[in-house]
1. With free of Cβ contacts under 8 Å to residues at least 40 places away in the same chain and within 14 Å of another protein chain (Cβ to nearest Cβ) as the only criterion, which of A:ASN259, A:ASN238 stands out?
2. Report, by residue number, each residue of region B:23-43 that is at the interface with chain A (Cβ under 9 Å from one of its Cβ atoms) and out of contact with any Gly (no Cβ under 6 Å at 6 or more places or on another chain).
3. Criterion first (away from chain A (no Cβ under 14 Å) and of a type in the set (A, V, I, L, M, F, W, C)) does B:LEU75 satisfy it?
4. Which of (1) within 12 Å of chain B (Cβ to nearest Cβ); (2) within 23 Å of A:SER103 (Cα to Cα) does A:VAL172 not meet, given it meets every other one?
5. Kindly provide the set of residues from region A:281-300 that are at the interface with chain B (Cβ under 9 Å from one of its Cβ atoms), under 14 Å from A:THR228 (Cα atoms) and among the hydrophobic types (A, V, I, L, M, F, W, C), ordered by number.
6. Between a first residue in region A:14-37 that is closer than 23 Å to B:LEU106 by Cβ and a second residue that is surrounded by fewer than 10 Cβ atoms within 10 Å (Cβ to Cβ) and modelled with pLDDT under 90, which pairs have beta carbons less than 7 Å apart while being 6 or more apart in sequence or on different chains?
7. With the requirement that a residue be of a type outside the set (Phe, Trp, Tyr), touching a Leu at 6+ places or on another chain (Cβ under 8 Å) and on the phi < 0 side of the Ramachandran plot, what does region B:44-72 give you?
Amino acid sequence: MEKDNLKLIELERSSKKKKTIYRWILFLILGIFAIFYIAPLYVMIATSLKTMEEIRIGNLFSLPGSLNFDSWVIAWQGQTVNSTSGLKMDAGNVFLKNYFWNSTKMVVPAVLISTIFGALNGYALTKWRFKYDNIIFLLFLFGTFIPYQAILLPMARTLGVLGLSNSITGLVVVHVIYGLCFTTLFCRNYYISISDEIVRAARIDGAGFFSIFFKILLPISAPILVVTVIWQFTQIWNDFLFGATFSFGEAAPIQVALNNMVLTSTSVKRYNVDMAAAIIAGFPTLIVYVLAGKYFIRGLTAGSVKG
Amino acid sequence: MYWVKKNLPKIVISPSFALLAWFVYGFILWTAYISLTKSKILPKYDLWGVGQYFRLWSMDRWHTSVSNLFIYTVLFLTLCIVIGVVLAILLDQKIRGEGVLRTIYLYPMALSFIVTGTAWKWIMNPTMGIEKFFVDIGFVNFTFDWLVTSGMSIYCVVIAGVWQSSGFIMAIFLAGLRSIDDEIIKAAKIDGAGIFSIYTKIVLPMMRPVFMSAIVILVHLSIKSYDLIIALTAGGPGTSSDMPAIFMTQYAFNRSEVALASSSAMMMFLTVTAIVIPYLYSELRREDGKR
């Protein structure tokens, strides 16, 4: 063993020079990729701070002349134009304020409800084995893969029958239903790694289904609940398909509004306002990622390396 | 009361299960049934047969969608995996600043496809975007107009898609690399193996399950891709960057061809199923083996 280590040290010493060159190449490649990933964010921020004049004169990567947040204000609350009848909203302009709140009103209940049920489902599926529980789990698991095109038409009709089409409530219902597959999967995979012994002991002591959940499992569930909440928040905030299919006009969520805003070109394209709007729409999930990146990544990998 | 107590786990799961059975599996069956009818604006329940599928496969627009999906999937899959694996291996060399680099590589995953599409649409703007930058720095004849060129705009979707998802593949490969025992690599070094052959001959073959997961995730993502195309090209110019998801929503909601749209949705569903079921089967068998 010691001999091996000596040999290893010798090997490393002999190739030290080679190693510094390797290191430089390594950092060079990593650096180039870092630029590739960061450049669009830089372009978005820089463009949003420029005036249209600066955009026409400069190029993508040129710096804005000053920190000018006008585009952000226009993207957020629209532009007031002077007309004979006093201040008036510029017609045909979409701005994000209302849609941002639409998305907030949609995301909070949808995340909470789907997470609570996901935790209970995961607990029931792992700690209280019953007939066919594996098949039920498989059905949830497969539900995380289905292309939503296969359910869009009947869902649209159902929301119509329930009187929920084009409403935030309708979108909450949709996101809860299709989010359940993911939340159940996450929680099931977490609870299965927790020893059955604790639960068995508590059952012998006479503890019931809910008291075991609230007294034993819930207190140690923080990590998976954070992962689940972040995952659901990101998915629902970023959703476009359901929002665009089941809502329009005033009830649309923010991603739909952003898309409409970029598409509805009034007389002149305002790239600075488009970029400011894109940053506003991406801001909440980006902040969550920066603050809780560890849990975000864990959710991604938990959702991918399944079973 | 005793009955309730005994069956509480089932009672708790039954509302979710009922929703799953009705809104996922029931709805898929409904879509499958409607795809076998002649429904136009409203669903009609008289069975017609597989005529819609013949119609679908005789349509140029569907062929464009499918071939775009094929191009997109091949490039998206290859680029994401190559970039993901290379970045994961490089980041695994115990380098300084790994945390910062990882954060930079992965942040696009937090953005929505609409935000990504909006940003890249501006970057790839045919006159004022990246083209202008290259002209400004001296490449006077540089042009980049893929976004408005039939047959090329699909590659713009690939670029933006890879930008968004490759960091994620890096993350799952890095997690895989970290779970490999260091001793194996040490032993190979002692035997005189170079760093390159250690990775190609020992480490990467050990990561077969990670490759499998990555492939399944990326392929099923690309079959579902919808938002990114809407934001970037809206399927255009014309219908040249259409994909099945766009085709489906177009015919379902704009052209009132409910049955035809359902048949295209079923094609998507069946493709995903054909890829996912064998994968889940092997994954679950692996899990059982571990127990």
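1. Values: A:ASN238 fails: free of Cβ contacts under 8 Å to residues at least 40 places away in the same chain.
A:ASN259 is the lone residue from the list that is free of Cβ contacts under 8 Å to residues at least 40 places away in the same chain and within 14 Å of another protein chain (Cβ to nearest Cβ).
2. Answer for region B:23-43, where residues must be at the interface with chain A (Cβ under 9 Å from one of its Cβ atoms) and out of contact with any Gly (no Cβ under 6 Å at 6 or more places or on another chain): B:PHE23, B:TYR25, B:GLY26, B:PHE27, B:ILE28, B:TRP30, B:THR31, B:ALA32, B:ILE34, B:PRO43.
3. On the way: away from chain A (no Cβ under 14 Å): yes; of a type in the set (A, V, I, L, M, F, W, C): yes.
Answer is yes for this residue.
4. Looking at each condition in turn, A:VAL172 falls short on (1).
5. A:VAL288, A:PHE296, A:ILE297, A:LEU300
6. Close Cβ pairs (under 7 Å, with a partner that is surrounded by fewer than 10 Cβ atoms within 10 Å (Cβ to Cβ) and modelled with pLDDT under 90) do not exist here.
7. The answer is B:LEU47, B:VAL50, B:GLN52, B:ARG55, B:LEU56.
Matching residues to (1) on the phi > 0 side of the Ramachandran plot; (2) aromatic (Phe, Trp, Tyr); (3) touching a residue at least 12 places away in the same chain (Cβ under 8 Å); (4) in a loop (DSSP other than H, G, I, E, B):
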| position | (1), (2), (3), (4) |
| --- | --- |
| A:PHE117 | no, yes, yes, no |
| A:TYR123 | no, yes, yes, no |
| A:ILE135 | no, no, no, no |
| A:ILE146 | no, no, no, yes |
| A:PRO154 | no, no, no, no |
| A:GLY179 | no, no, yes, no |
| A:SER193 | no, no, no, yes |
| A:ILE198 | no, no, yes, no |
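The values are calculated or read from the model by the stated rules, or taken from the named source; none is laboratory data. What you are looking at is a predicted structure, and each value in this text was computed from that prediction instead of being measured. Cβ sites come from the backbone with ideal geometry, for glycine too, and all protein chains shown count toward neighbours.
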